[in-house]
Amino acid sequence: MDTLDYIVLGIAAVFQGPELFSLFGLPVSVTLVMIVFGFLSGIVVGATPGLAGPVAMAIALPILISTFGYTPDALLPVMGFLIGVMKGATVGGAVPAILFNTPGTPDAFMTTLDGYPMTRKGQARKALRVAHFSSVSGDTFSDVVLIVCAPFLALLVEGYLDLPEKTALLILSLSFIAAVIGGSPAKGLISVGLGLLAVFIGTGEDFYPRLSFGTEELSRGFPIATAILGILIVSAVFKELEELWREKRASGVIAPVAETGDQRLRFADIRALFPYIARSSVIGTAIGALPGIGSTLAATLGYTVGRSRYEKTKTDGDTEFGKGAPEGVAATEAANSSVSGANLIPVLSLGIPGNAAAVFLILAAESIGGFNPGPSVFRFTSDTVNPELVIAFGLFTSMFIANALNWTVGGLFMRSMGVMIRVPKQILLPIVLLLTLTAIYVQETRMVAIWFTLGFGVVGYFMRSVGISPLPFVIAFILGGKLEETARQAFAATGGDPFFLFNHPIALVFMVLSAAVIVFTTRKSREPG
Amino acid sequence: MNRFVTAALAAVFSGMMAVSAIAADWTPPGPIKLMIAFRAGGGADTQARLIAEALASKLGWKFIPEQVTGKGGLNMAAALKDQPNDGTAIGMGVTETFGYNMAAAPNAGLKPSDFTGLTTTAGFQMGVVSLASKGWNSFDDVVAAAKGGEQLRFGVMSPRLADLAYLLGKAQGIDFNIVSVKGGKAVMDGVNAGDLDLGFMAGIQAKGVAAGDLVNLASALSTPLTQTPDAPTFADLGVEYDSDGYFVFVGPAGMPADARDALASAIAEVAADEASKAGGIIKKAFGGAATITGDELTALLEAGYSSAGQLMEVASQ
């Protein structure tokens, strides 16, 4: 078994999986159909204001698992669907940002800055085309990097990082997230702290369930789905409902805008956009490859770098950034989309998720079993087949199929999503809430999980109200257990050295960086402007 | 009709009922919730899911597998305890959960008598394992390395095994850095990745040992390992305790006999059937099924619980 054999096996696993039906005599595998379905629903969901890929993944996961079961055969169809959703939602997410000025995800926020002004100038369809082209280019680039680098990066990471270094890397990830996502480092740290507090309830090594006040409900800790869906989705629904209520008190009507000028994306446009797309793709991919760091940062950085370059090169007649420049849309969309492929590098090689979509991929793998994201995935065994590696290459194949769909039908389908504007939010939001709570109950089958979710929703609502980003909370919740485990192991493995984080050079570098990133961003955010 | 006849008729009638209940094959009154005390994707989890899958296709019983992990199986036990005892809720753990772990956590308020033992499926093939590339061929090489000043990391997946690793080091006059991880798969990952030097593996090592990547240095059982019969047992190495144990299916206390028997025999049958997927992996990892059921299993669980204190006492010295 060499690398090529594994690639062939992976591709075969996707195309020759259980047959669903045959088309003109050719068998069509379930996995293929699931990728297409996932992709189309991803675009619809991404294009729906207030919904994003993770919601669809959360709702779909229990349904998929109960349909396909818990056998390793279920892995590729289920994860193929999720990958389809992830890809579809990434391009679809630009739709509400551009058309209605409502970003479906924090990543798409930067898209509104130039996308919505373009819509108001009557260039909505052109903006959508720019977004689609940039997004798919970034995504494809990032997938190529993933496939070429993931196995080597995984081995490299394992070779150099011992337990103390891994502990320090997790601390660095958390500190980085706190510093760059939370608006201000202090707010980010609060968010991370709350996330850690929540995940430490009921967990740990000891037989005694800590922080549970002796209650049976808390003794098993909070299920991961209740925390993620509660903090990310239920709180967003609460917040949106509040805004609707305010809007109703001072309601205004948006006048329809007539389209003017050339809506097509010409080759000259592509040539002008290309440097922005290329730069943002590299930024997005690099950030995506770091464990535990999400796409919002990539979008922000891509936009910022694009803007400073634009300032230097623009001529007098050009539209400014923030006033409807296609370059702004391109820079953001390429950056946030190129995260998604590279994000799977830490997921597959370390089991550390970088964004919410990756979280659901891990959740799917854990629920079904037979595939454990982590260093063991990329062991190229020569005498026996490593089934996990075959699955990994199957996933890569699925990603390329989704990319092909994206290049071909994605743009057309995405632009047809403009009809979404007609669904009123006061109808959409309760449906989202109901679907979320149903998804939780299906997964946990105990009523207390619903209360946990609503509780997290309230916490998230207050966090959003005072401008604390809920994303660091969620990422801290996901990494907290791993952090404690690794730290305990590092402590034991070093023979009970309490300074294990500072006695190893690489770990020390990570710890210094963790402190530096907080100090640096605090200073920067104090500067005017 | 005199009283004797009435009694006789009643006896015959109830006898018939009992016979017909068995003949009609007990069927679960609803889908069976299967609480698995192991992390998703590990060897034990796979075993549990494959058994459920086999029973579903063979008998048409519907299973809902659910991960209830943590606290060495006590979370699963606590969750299972208050479930209906009509056979619609069962759990899979290890005998250690009902012995050492329950005894070590008196606050949890759990005893083996809170549960109905259904059947064991396989005994551990608990070995002390290291990478072949380490160059150790026997446990003596490990002792020599430690005495040569090398700090050795010993991976364990439960407090009882941590006690045993400590006693092993003590008996051999060396100190291990005992690292506790979650599950045998995590020990194997750690050993493979070089984070751990050696560790306990309960059967998961079979493939690696056969391939020559891993070495069984010692048997942590009272008997030699099936795969490496030459490796010394813990008794040979001066430890008077061992890690003998089984994977076990249980239900809440007071499960009716027909449900208990039907579940136990169905599970045991699948585990012992080497042609089935579940039986196949049991054969490969544990050298074959070991099914203990009924009163014998009840006695086994009780004995594990009552003898746990002694090991804790010795290891705390």
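The values are calculated or read from the model by the stated rules, or taken from the named source; none is laboratory data. Note that the coordinates shown come from a computational prediction; the quantities given were computed from them, not determined experimentally. Positions of Cβ are generated from backbone atoms using ideal geometry, with glycine treated the same way; all protein chains shown enter the neighbour counts.
See the values below:
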| item | result |
| --- | --- |
| Selected residue (criterion: farthest from the other protein chains (Cβ to nearest Cβ)) from residues of segment A:443-486 that are over 30 Å from A:Thr67 (Cα atoms) and basic (Lys, Arg) | A:Arg464 |
| Hits in segment B:187-199 - residues which are surrounded by 24 or more Cβ atoms within 10 Å (Cβ to Cβ) and hydrophobic (A, V, I, L, M, F, W, C) | B:Val187, B:Met188, B:Val191, B:Leu196, B:Leu198 |
| Filtered residues of segment B:236-247 (kept if under 18 Å from B:Met312 (Cα atoms) and of a type in the set (A, V, I, L, M, F, W, C)) | B:Val239 |
| Members of segment B:69-101 that are assigned to a helix (DSSP H, G or I) and facing chain A (nearest Cβ under 9 Å) | B:Lys71, B:Gly72, B:Leu74, B:Asn75, B:Ala78, B:Ala79, B:Asn101 |
| Test: B:Leu168 is hydrophobic (A, V, I, L, M, F, W, C), away from chain A (no Cβ under 12 Å), under 22 Å from the mean Cα position of the chain (by Cα) and under 19 Å from B:Val314 (Cα atoms) | yes |
| Qualifying residues in segment A:487-498 (those that are within 34 Å of the chain's Cα centre (by Cα) and surrounded by fewer than 22 Cβ atoms within 10 Å (Cβ to Cβ)) - the one farthest from the other protein chains (Cβ to nearest Cβ) | A:Ala487 |
| Test for A:Phe380: is it under 18 Å from A:Gly17 (Cα atoms) and modelled with pLDDT under 80 | no |
| Checklist (1) touching a Pro at 6+ places or on another chain (Cβ under 8 Å); (2) closer than 30 Å to B:Gly60 by Cβ; (3) of a type outside the set (A, V, I, L, M, F, W, C) applied to B:Thr233, failing item | (2) |
| B:Asp230 vs. criteria without any contact (Cβ under 8 Å) to a residue 24 or more places away in the chain, more than 21 Å from B:Leu301 (Cβ to Cβ), not hydrophobic (A, V, I, L, M, F, W, C) and not in a helix (DSSP H, G or I) | yes |
| Filter result (assigned to a helix (DSSP H, G or I) and farther than 18 Å from A:Ile224 by Cβ) within segment A:452-470 | A:Val458, A:Tyr461, A:Phe462, A:Met463, A:Arg464, A:Ser465 |
| Some residue of segment B:185-194 being within 12 Å of another protein chain (Cβ to nearest Cβ) and within 16 Å of the chain's Cα centre (by Cα) | yes |
| Residue satisfying all of: in segment A:150-178; more than 14 Å from chain B (Cβ to nearest Cβ) and at pLDDT below 80; surrounded by the fewest Cβ atoms within 10 Å (Cβ to Cβ) among these | A:Phe152 |
| Residue selected from segment A:202-218 under the condition of a type in the set (Asp, Glu) and touching a residue at least 40 places away in the same chain (Cβ under 8 Å), by the criterion farthest from the other protein chains (Cβ to nearest Cβ) | A:Glu217 |
| Test: B:Phe98 is touching a residue at least 40 places away in the same chain (Cβ under 8 Å), touching a helix residue (DSSP H, G or I) at 6+ places or on another chain (Cβ under 6 Å), farther than 22 Å from B:Asp230 by Cα and surrounded by 23 or more Cβ atoms within 10 Å (Cβ to Cβ) | yes |
| Single residue of segment B:46-68 satisfying the filter (more than 9 Å from every other protein chain (Cβ to nearest Cβ) and part of a loop (DSSP other than H, G, I, E, B)) that is nearest to A:Arg446 (Cα to Cα) | B:Lys62 |
| Meets criteria (more than 24 Å from B:Ser276 (Cβ to Cβ) and more than 23 Å from the chain's Cα centre (by Cα)) for B:Asn137 | yes |
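Conditions tested, residue by residue: (1) closer than 25 Å to A:Phe491 by Cβ; (2) in contact with a strand residue (DSSP E or B) (Cβ under 8 Å, 6 or more places away or on another chain); (3) hydrophobic (A, V, I, L, M, F, W, C).
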site	(1), (2), (3)
A:Ile190	no, no, yes
A:Gly195	yes, no, no
A:Ala198	yes, no, yes
A:Phe213	no, no, yes
A:Gly221	yes, no, no
A:Thr226	no, no, no
A:Leu232	no, no, yes
A:Phe238	no, no, yes
